[in-house]
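Contents: one structure, followed by commentary.
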Amino acid sequence: MSKELPNNQKQNEEVDLIVFFNLIGNAINKVLDFFKGILKTIFSSIIYALKTLFKSWKIVLGVILIAAITGYAIEKSKPTIYTTEMLVEPYFNSKYQLVTNINYFNALISNEEKETLKEIFKVGDDVIKEVKSFEIEPGPETENDKLLQYEEFISKLDSVRAQDYSYEEFLENRSVYAGRYFLIKANAYKSDIFKDLEGGILNSFTNDYTNKEMKRRDTLIEIQKQNLYDQLKQVDSLKQFYIDVVRSEADNKKQNVRLGEFSITSNESSKTREFDLLKEEQKIRNEIKKLEEEKIEQDVIFEVISSFQRVGNASSSWLEKYSIIFPVLAFILLIIFFIAKKIITFTLNYEE
């Protein structure tokens with residue numbers, strides 16, 4: 001009796017496992033059948049649409065041909081847009097004024113404020129009427145440029161916050177103004193007017209703020225240079241003092257030389273201090289040199305890396321290829337129409 005109970009229990013467990021696996025298998029089969037049904041429906045719809053298209057190939061070909069002709073006619077009726085680019089490097093935060101003025105120019109063009117535009121660009125009506133728009137975007141940047149910007153940004157944060165702010169977050173949240181270079185694009189209906197627009201664009205960098213920034217920088221450089229020259233005078237005075245010490249020691253090596261609280265008793269000590277003064281003088285002169293280089297490198301509000309071309313390039317965006325876009329759209333709409341027609345017919349004829 002005791003032997004039969006374990007056998008029955010074992011058989012029941014085997015039955016439960018079989019039932020469990022059967023349930024899993026049925027569930028998997030249902031899921032597979034569901035996806036097979038979807039794929040079959042999609043495949044059937046595509047086949048039906050293609051079948052209908054093949055049967056109605058004359059209609060399809062006619063619609064596509066009409067769409068292509070219409071697109072080509074629109075392409076030819078639209079004026080050709082010419083474009084050229086200018087790469088600039090703004091200084092003293094003049095980039096903010098530049099972006100603002102570019103948006104202002106586009107607003108004037110949209111509102112057809114030709115007189116204001118002629119006054120800004122110093123050109124005639126024959127040039128202004130050909131201008132379509134202006135664009136501005138960050139210029140080319142290397143990975144090193146981005147890393148340097150990131151390091152400069154991190155250096156301004158506290159140590160705790162800096163550890164949590166990743167390089168990817170910095171690039172994602174970076175402002176359009178963060179770049180060093182800016183690319184200005186001009187679009188016009190005529191190919192040879194861009195040089196006439198260049199002067200107005202370049203004048204858009206300057207305002208009272210940028211002029212004050214430049215003057216403030218120049219003033220600070222002059223103050224720093226004057227301080228450094230004063231330090232050089234002090235170093236020269238000390239050098240002369242030690243030269244006198246050396247001469248005195250040459251006359252009497254044992255004799256102490258005193259100047260106020262200073263006492264020099266060793267020839268070796270005087271030579272060491274003179275060498276330190278020479279190093280200090282060289283350091284000061286290097287700092288003066290850096291200040292002068294900084295002023296020379298940024299002696300203007302902006303630098304033009306590359307200017308507008310004399311003749312612009314014809315725009316060739318694929319979004320303007322209507323002779324291609326229209327036939328493709330027509331073909332897609334025909335497929336949708338035939339599928340919708342099939343669904344509507346099936347629905348109307350369906351009986352429960």
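Taken together, the values in this text are just the output of simple stated rules run on the coordinates, not laboratory data. Bear in mind the structure is a predicted one, so any value in this text is a computation, not a measurement. So basically every Cβ, Gly included, is an ideal-geometry build from the backbone, and we count neighbours across all protein chains shown.
Once you place label points 7 Å from the Cα toward the Cβ at residue 113 and residue 22, how far apart are they in nm?
Those two pseudo-labels are separated by 8.3 nm.
Local charge sum around residue 306 (other residues, Cβ-Cβ under 11 Å, Lys/Arg +1, Asp/Glu -1)?
-3
Can you list which of the trypsin sites (Lys or Arg not before Pro) found in the stretch 53-125 are DSSP loop residues with at most 14 other C-beta atoms within 10 Å?
In loop regions of the stretch 53-125 (DSSP not H, G, I, E or B), the sparsely surrounded trypsin sites (Lys or Arg not before Pro) are 122.
State, in angstrom, two size descriptors of the stretch 149-253 derived from its alpha carbons: Rg to one decimal place and Dmax to the nearest whole number.
27.2, 90
Under the 0.36 nm per residue contour assumption, what length would be gained going from the current alpha-carbon distance of residue 217 and residue 316 to full extension?
Contour length minus Cα-Cα distance gives 31.2 nm.
Find out how many positive minus negative residues lie around residue 148, taking Lys and Arg as positive, Asp and Glu as negative, among other residues whose Cβ is under 12 Å from that of residue 148.
-3
Less than 22 Å apart at the alpha-carbon level, and either on another chain or at least 8 residues along: which lysines does that give for residue 30?
Candidates past the 8-residue exclusion: 40.
Can you return the lysines within cross-link range of residue 132? Criterion is Cα-Cα under 23 Å, with same-chain partners fewer than 8 residues away left out.
Within the straight-line limit of under 23 Å, residue 132 reaches these lysines: 76, 78, 95, 114, 118, 122, 185, 190, 195, 321.
In Å, what Kirkwood hydrodynamic radius results for the stretch 36-85 from the alpha-carbon pair distances?
14.2
Near residue 233, which lysines are there with a Cα under 20 Å away, not counting those fewer than 8 places off in the same chain?
Of all the lysines, those that pass the test against residue 233 - Cα under 20 Å, at least 8 places apart if same chain - are 225, 271, 279, 283, 289, 290.
Using a simple charge model, +1 on the beta-carbon of Lys and Arg, -1 on the beta-carbon of Asp and Glu, nothing else, what dipole does the stretch 119-188 show about its Cα centre, in debye to the nearest 20?
For the stretch 119-188, the charge dipole is close to 200 debye.
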